[in-house]
1. Only residues of the stretch 243-272 count here: report those whose backbone N is under 20 Å from the spot 7 Å along Cα→Cβ of residue 428, or say none.
2. May I ask you to compute the full-extension gain from residue 160 to residue 342, defined as 0.36 nm times their residue separation minus their alpha-carbon distance, rounded to one decimal in nm?
3. Between residue 129 and residue 439, how high is the FRET efficiency from 1/(1 + (r/R0)^6) when r is the Cβ-Cβ distance and R₀ = 51 Å? Nearest 0.05.
4. Would you work out the relative contact order for the chain, in percent, from Cα pairs under 8 angstrom that are 6 or more residues apart?
5. Please calculate how many Å² of accessible area the stretch 215-266 carries per residue, with a 1.4 Å probe and no DNA, RNA or ligand atoms counted.
6. Once you sort the root eigenvalues of the Cα gyration tensor of the stretch 70-171 as a ≥ b ≥ c, which label holds: rounded (a/c under 1.5), prolate (a/b larger than b/c) or oblate (the other case)?
7. What length, rounded to one decimal in nm, is gained on full extension from residue 176 through to residue 206, with 0.36 nm per residue of separation minus their alpha-carbon distance?
8. For the cross-link pairs 187/421; 237/270; 262/428, which exceed 19 Å when the distance is taken from alpha carbon to alpha carbon?
Amino acid sequence: MRKLELHWQILIGMLLGIVFGFAMTGLDWGKDFVTDWIQPFGTIFVKFLKLIAIPLILASLIKGISDLKDISKFKNIGLRTIAIYIGTTIVAISIGLILVNILQPGDGISEETVAKLERTYATDQGVTSKLAQATQQKESGPLKFLEDMVPDNAFSALSDNGKMLQVIVFTIMFAISMLLIGEERAKPLKNFFDALNDVVLKMVDLIMLIAPYAVFALLASVVVSSNDPDLLLALLKYAGVVVLGLLLMIAFYVVIVSIYTKKNPIWFLKEISPAQLLAFSTSSSAATLPVTMERVEEHIGVDKEVSSFVLPVGATINMDGTSLYQGVAAVFIMQVLWPEGLVFSNQLAIILTALLASIGSAAVPGAGMVMLVIVLESIGFPADLYPVALALIFAVDRPLDMCRTTVNVTGDATVSMVVAKSVGKLGKPDVKEWDDHLDEVK
């Protein structure tokens, strides 16, 4: 019997997890059982992915740059990457603003629903912590994000997944310095990092063996911890607008892949689908990064020189899905709480601020809602309404976070293909399995 492909295994695991989670919510002991005995397996899987993220960036980026014979090629890759990421982010925010203005999801929210949401979430720890983070981010200087990109201790940066941009800056300097000392002197280090890259990619293959079971655990725990169904239904129109925008963004990526790279868009979505499904399950681009790199390099054919830079940078600064969500959420909140703020100049300010926030808040945990507060601040939203504003969207934030992370990862893969095609580094797939060298083990 032919073995199911990985994306089907993961999808089946997700569906079973959702069904199991709903079944457990009907039992008095169901939530505790899932939390105590099922959720830990999903947590372990995410920890495994985060465990190898920094070593993978370090080894892959050093290998990619050190293989270059001309440093100007790296400059071309870097400039194109940043320019395309900025362009797709502007497109994403614009799609969100157009949809939310046409469909106006805020018109269906009653004062009673707003009051109930405020009572339920305004003092929630998740809301208050996001407000505190946004205040800290807002009070920092305009170039603070540039300061945060440069580490003062390489080992400290390498030991913290939240400092991925610092790791990238250190690794780029390290790899370029290897090039500048000459091939002969750099050869021992290059051999070490080449071998480390192979080992870490093999770890990705091993970790992916448990992916279907892990996403079952992750989705079951999400379902049993879901919020008041009545509040979720009240926000269904708002959530629907966000999801529609995210689907349109994926359609935009598919068109780019089809027209510019001349690749079959269905084939592209199929090959990247395991990374998309994991992004949906984990709500983390950083945790999904090892899988995204493996799928893009081995299954799509993007050269490591490109993927090793484009994908780690994308995992930290490319927030197309999140930026689209900013536009929809900000206007939705104004429709409900501050209709007089719905003027054209404010919506232009939302585009600019969401773009800058997506680049400047890469090191901020839970960036989505933190960015939203910064966006609202830029248009003069009443400060006393911030807790109510976040409470208004908090109930559906987790499922929407899962969806927008999927779009973020799809955008990273798309940009890596576009950049690779533009520099002649988009080749044929070279798929490797976890047991390829098993016969060599004595």
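The values are calculated or read from the model by the stated rules, or taken from the named source; none is laboratory data. If you're wondering where the values come from, they're calculated on a predicted model, not measured in any experiment. Here the Cβ is made from the backbone with ideal geometry for all residues, glycine too, and neighbour counts use every protein chain on show. Only protein heavy atoms, including side chains, enter the accessible area calculation; ligands, DNA and RNA are left aside. Shrake-Rupley method; radii C 1.70, N 1.55, O 1.52, S 1.80 Å.
1. Answer for this model: 261-265, 267-268, 271-272.
2. 61.5 nm
3. The value I calculate is 0.50.
4. 32
5. With all protein chains present, the stretch 215-266 gives 46 Å² per residue.
6. The shape class here is oblate.
7. Difference between extended and current length: 7.7 nm.
8. Beyond 19 Å: 187/421; 237/270.
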